[in-house]
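Engineer: Below are the structure tokens for one structure; questions will follow.
The values are calculated or read from the model by the stated rules, or taken from the named source; none is laboratory data. Quick caveat, the model's predicted, so the values are computed rather than measured. Note that we place each Cβ from the backbone using ideal geometry, even for glycine, and neighbour counts take in every protein chain shown. Ligands, DNA and RNA are excluded from the accessible area calculation, which covers all protein heavy atoms including side chains. Shrake-Rupley method; radii C 1.70, N 1.55, O 1.52, S 1.80 Å.
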2 protein chains.
Amino acid sequence: MNYCSQCGAEVGVRVPEGDNRPRHICGACGTIHYQNPKVVVGCIPEWEDQILLCRRAIEPRYGLWTLPAGFMERGETTHDGAARETLEEAHARVEVLDLYTLFSLPHIDQVYMLFRSRLLDLGFGPGAESLEVRLFDEAEVPWREIAFPVVKETLKIYFADRRTGRFPLRLGDIVRAPDDPRRYRIRVHGGGPAGWVPVPGS
Amino acid sequence: MNYCSQCGAEVGVRVPEGDNRPRHICGACGTIHYQNPKVVVGCIPEWEDQILLCRRAIEPRYGLWTLPAGFMERGETTHDGAARETLEEAHARVEVLDLYTLFSLPHIDQVYMLFRSRLLDLGFGPGAESLEVRLFDEAEVPWREIAFPVVKETLKIYFADRRTGRFPLRLGDIVRAPDDPRRYRIRVHGGGPAGWVPVPGS
């Protein structure tokens, strides 16, 4: 950020009075430009024993598989956003059920919320950001071609929970290794510490 | 938003190619300036049968009571943010426990996440944004002086759940009435529809 979006003057970085963090502040009009994490909302669409995945037609991680998910938009709720992303990326209509994983990704300033959802019919297909959309049995999931750590971890937990038939909310953090961007650590609150694991697809 | 924060040129509003919503786009460098909802994180600090509330020293709703909460910052997790806000606003140290309410507020583009938490000691006191911080029994809660609908609804559900000893995640939306900003509707997913109720403090 170099210029004030309000008045067009140059911005500087300093700690505002009464604050404790550096912010971008306009040298002319004084506007403080706060920057905050973004929410990513998405679904685990279920159809009998299968789940729906999308193969990405865009960067990052073009060609790899992911759950339908994207940035929450202004004016919508988390449920609405999860359903909208599923419709846009997979042309799939769902009933959004419970929140299942809620992960903070502090290294990229994102909060992921993935909801279990019920696919309403089989009339899905690739949206503009997908190359391919299909249903997978657990045995077919392309584990080495999953686009993002947060999706891979969600799917691992999901299939483990499915054996018990219970899907409690899993709340945790995914933190990139300071010395190696290809490794990350997942910590599920209440689930104990975990070691460093490689980024999927790398 | 009037100017591009990257290059300082004027921005216009139009739907980018491949998108379906109007965005602010720079006429010179082409940067698309996305705007997204913000996450507010906070705590319900518990001490035996009491909970901690803060009386606001800032607008909006100066002088009214609220739970310690504020905007999640870059580089932190939701748990970290909830603990930080509680320390800043109430000088209170907590162990953050489970996520308790998660409400979308689409009319103001916020997602609220309030966590149950255990107050670690009684060495709390007002931070810069609070006039007063104190513990309340249920019977003492100043229901007519609660700052925000989302906090009032969280406290109502909290005290109801406390009678059962179970605190399941409550996920829902708080939507302002289109024709009257002093009324809102709360919808807890799985909890059925609710009517319009007045904004607290108005």
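Engineer: Given the conditions (1) aliphatic (A, V, I, L, M); (2) at the interface with chain B (Cβ under 9 Å from one of its Cβ atoms); (3) open to solvent by 30 Å² or more (accessible area, probe 1.4 Å), report the number of the one that A:Leu99 does not fulfil.
Structural biologist: (3)
Engineer: Then there is this: Just a yes or no: is a residue in segment A:35-58 open to solvent by 70 Å² or more (accessible area, probe 1.4 Å), more than 10 Å from every other protein chain (Cβ to nearest Cβ), over 28 Å from B:Leu105 (Cβ atoms) and free of Cβ contacts under 8 Å to residues at least 12 places away in the same chain?
Structural biologist: Yes, segment A:35-58 contains at least one residue that is open to solvent by 70 Å² or more (accessible area, probe 1.4 Å), more than 10 Å from every other protein chain (Cβ to nearest Cβ), over 28 Å from B:Leu105 (Cβ atoms) and free of Cβ contacts under 8 Å to residues at least 12 places away in the same chain.
Engineer: Return the only residue of B:Leu87, B:Leu122 being open to solvent by 10 Å² or more (accessible area, probe 1.4 Å), closer than 25 Å to A:Asp173 by Cβ, of a type in the set (A, V, I, L, M, F, W, C) and outside any strand (DSSP E or B).
Structural biologist: Matching residue, one of B:Leu87, B:Leu122: B:Leu87.
Engineer: Restricting to segment A:15-33, give me the number of residues that are open to solvent by 70 Å² or more (accessible area, probe 1.4 Å), on the phi < 0 side of the Ramachandran plot and over 31 Å from the mean Cα position of the chain (by Cα).
Structural biologist: 3
Engineer: Something else: Looking at (1) assigned to a strand (DSSP E or B); (2) of a type in the set (S, T, N, Q); (3) more than 14 Å from chain A (Cβ to nearest Cβ), find the lone condition where B:Ser104 falls short.
Structural biologist: All conditions pass for B:Ser104, except number (3).
Engineer: Additional query: Could you list, in sequence order, the residues of segment B:40-84 that are under 24 Å from A:Val188 (Cβ atoms) and part of a strand (DSSP E or B)?
Structural biologist: Of everything in segment B:40-84, those that are under 24 Å from A:Val188 (Cβ atoms) and part of a strand (DSSP E or B) turn out to be B:Val40, B:Val41, B:Gly42, B:Cys43, B:Ile44, B:Pro45, B:Glu46, B:Ala69.
Engineer: Among the residues of segment A:69-84 satisfying the criterion of being in contact (Cβ under 8 Å) with a residue 24 or more places away in the chain and either touching a Leu at 6+ places or on another chain (Cβ under 7 Å) or open to solvent by 70 Å² or more (accessible area, probe 1.4 Å) (or both), which is farthest from the other protein chains (Cβ to nearest Cβ)?
Structural biologist: Among those that are in contact (Cβ under 8 Å) with a residue 24 or more places away in the chain and either touching a Leu at 6+ places or on another chain (Cβ under 7 Å) or open to solvent by 70 Å² or more (accessible area, probe 1.4 Å) (or both), it is A:Ala69.
Engineer: Among the numbered conditions (1) open to solvent by 50 Å² or more (accessible area, probe 1.4 Å); (2) part of a strand (DSSP E or B); (3) in contact (Cβ under 8 Å) with a residue 40 or more places away in the chain, tell me where A:Arg182 comes up short.
Structural biologist: Against the list (1) open to solvent by 50 Å² or more (accessible area, probe 1.4 Å); (2) part of a strand (DSSP E or B); (3) in contact (Cβ under 8 Å) with a residue 40 or more places away in the chain, A:Arg182 comes up short only on (3).
Engineer: Restricting attention to segment B:147-179, which residues are open to solvent by 30 Å² or more (accessible area, probe 1.4 Å) and over 18 Å from the mean Cα position of the chain (by Cα)?
Structural biologist: Correct list: B:Ala160, B:Arg162, B:Arg163, B:Thr164, B:Gly165, B:Arg166, B:Phe167, B:Pro168, B:Pro178, B:Asp179.
Engineer: While we're looking at this one, here's another question. Within segment B:155-166, does at least one residue satisfy the condition of being β-branched (Val, Ile, Thr), assigned to a helix (DSSP H, G or I) and under 24 Å from B:Gly190 (Cβ atoms)?
Structural biologist: yes
Engineer: Just give me the residues in segment A:21-33 being closer than 23 Å to B:Asn36 by Cβ, more than 7 Å from chain B (Cβ to nearest Cβ) and in a loop (DSSP other than H, G, I, E, B), in sequence order.
Structural biologist: Across segment A:21-33, the qualifying residues are A:Pro22, A:Thr31.
Engineer: Please verify whether A:Asp121 is more than 12 Å from chain B (Cβ to nearest Cβ), without any contact (Cβ under 8 Å) to a residue 40 or more places away in the chain and on the phi < 0 side of the Ramachandran plot, treating the condition exactly as stated.
Structural biologist: It is true that A:Asp121 is more than 12 Å from chain B (Cβ to nearest Cβ), without any contact (Cβ under 8 Å) to a residue 40 or more places away in the chain and on the phi < 0 side of the Ramachandran plot.
Engineer: Which numbered condition in (1) more than 14 Å from every other protein chain (Cβ to nearest Cβ); (2) over 17 Å from A:Pro149 (Cβ atoms); (3) surrounded by 19 or more Cβ atoms within 10 Å (Cβ to Cβ) is the only one that A:Trp65 fails?
Structural biologist: All conditions pass for A:Trp65, except number (2).
Engineer: When you scan segment A:130-146, do you find a residue that is open to solvent by less than 20 Å² (accessible area, probe 1.4 Å), without any contact (Cβ under 8 Å) to a residue 12 or more places away in the chain, away from chain B (no Cβ under 14 Å) and among the charged types (D, E, K, R), even just one?
Structural biologist: no
Engineer: Out of the residues in segment A:1-20 that are closer than 24 Å to A:Val111 by Cβ and at pLDDT below 95, state the one that is nearest to the other protein chains (Cβ to nearest Cβ).
Structural biologist: So, considering only residues that are closer than 24 Å to A:Val111 by Cβ and at pLDDT below 95, the one nearest to the other protein chains (Cβ to nearest Cβ) is A:Met1.
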